[in-house]
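The values are calculated or read from the model by the stated rules, or taken from the named source; none is laboratory data. For clarity, every value in this text was computed on a predicted model and none was experimentally measured. Virtual Cβ from ideal backbone geometry, glycine too; neighbours counted across all protein chains shown.
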Amino acid sequence: MNTLFIKKWVICLPSILFLITGCVKDDNSDCRKSCQMVIQVLDGYNNDITETDVVDDVVLYLFGSESKYMDSIPIPTQSVRSRTPITINYPEHSHITAVVWCNTEGDNTIVDDVKEGDSLTTPLDINLNMEGTSGQNEIYSSPEDLFHGYKRIDMEDGGGSFTTELKVKRKISSIIVIAKHLKDWAGGGSDDEYYILVHGTRKIYSLVDGKLGEDDAIHRPDVSFDDNDYLVSSLFNTFPSGPDQRVEVEIFKGDNRIYRASLDQNGNPFVAEEGRTLQVEIDFSGSISVNVSVNPWHVINQYSEL
């Protein structure tokens, strides 16, 4: 992906990360206060995970009181983990809109360049990278563990500073599919004949407000047969399902789709939720049963026979 940050500098001083210098008047009583912003990192259950190592890179986008783009600034991850305040001081603006994304520098997501003249209403997106095709289907990469936060900050009048907190929350889902006794049901065959396609998750996020786009992604996770001869997918990340959308799992043997499901045995749809793991278990012994659980992030329930 294109780097957005050429010749940008962040100056670290004891306990404070200065992004912009303050008001230069000798008497700053007529200036607006500077903002001391702390970034808080949350998981899918709103647990505070700021001090963990889940964040690898952080980008702060700033938009002024007329909604115009002003700057994009990389923030050191250690500053986030240590809850170091970020000083935002634009005395000419009555309010600032701060947008933060984390973990966007990998190869599996494409971030639109934000440039001079852009605004809060400019269509700016984060897209999944297409990694190839399977038949007539475009296959998309498994995204990095993305986090997003968005906040309007009203700049208070007077000298000194005030403190605010910007919460960034995990925006990614994860999925694992287990097909038990599939080979017996499907008439045998070699391991490499079988694969899985997963439909029903999105492929675009709005860069500013973090809302899902309308376009869908298809994923083809790695699969293998385990010691129980169950077909098991890798645990892979996706963007979430959209509103009123459901995940559909298709199982193929060679060029033939031999099974598909989007509802569990109680008629509940498969849904990929932000910050959680969708576990789909399909048992082909006897009458086919489909069980689904929504687990904490990257947690897999026991499914093997002990």
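Annotations
- Of all residues in the stretch 115-130 being of a type in the set (A, V, I, L, M) and assigned to a strand (DSSP E or B), the one that is farthest from W101 (Cα to Cα): M130
- Residue count for the stretch 87-104, restricted to those that are closer than 16 Å to I204 by Cα and at pLDDT below 95: 0
- Only listed residue being in contact with a Leu (Cβ under 8 Å, 6 or more places away or on another chain) and not basic (K, R), chosen from A272, A261: A272
- Within the stretch 42-58, considering residues that are over 14 Å from the mean Cα position of the chain (by Cα) and of a type outside the set (D, E, K, R), the one farthest from D209 (Cα to Cα): T52
- Flag for S79 being closer than 28 Å to G158 by Cβ and assigned to a helix (DSSP H, G or I): yes
- Qualifying residue in the stretch 260-268 (condition: small (G, A, S), over 21 Å from the mean Cα position of the chain (by Cα), modelled with pLDDT of 95 or more and surrounded by 14 or more Cβ atoms within 10 Å (Cβ to Cβ)): yes
- Residue match in the stretch 33-55 (condition: of a type in the set (F, W, Y), at pLDDT 65 or above and outside any strand (DSSP E or B)): yes
- Of the residues screened, G106 is one that is more than 20 Å from Q40 (Cα to Cα) and within 19 Å of the chain's Cα centre (by Cα).
- Restricting the stretch 140-165 to residues that are surrounded by fewer than 18 Cβ atoms within 10 Å (Cβ to Cβ) and among the hydroxyl-bearing types (S, T, Y), the residue that is modelled with the lowest pLDDT: S161
- Meets criteria (outside the structural domain of V59 (by TED's automatic domain parsing), crowded, with 22+ Cβ neighbours inside 10 Å and among the charged types (D, E, K, R)) for K211: no
- So S173, is it at pLDDT below 95, in contact with a Ser or Thr (Cβ under 7 Å, 6 or more places away or on another chain) and surrounded by 15 or more Cβ atoms within 10 Å (Cβ to Cβ): no
- Near pairs, Cβ below 7 angstrom, 6+ apart or cross-chain, from the stretch 230-241 (within 22 Å of S190 (Cα to Cα) and in contact (Cβ under 8 Å) with a residue 24 or more places away in the chain) to any residue that is crowded, with 23+ Cβ neighbours inside 10 Å and of a type in the set (G, A, S): Y230/A179; L231/A179
- L207 vs. criteria under 30 Å from R152 (Cβ atoms) and in contact with a Gly (Cβ under 9 Å, 6 or more places away or on another chain): no
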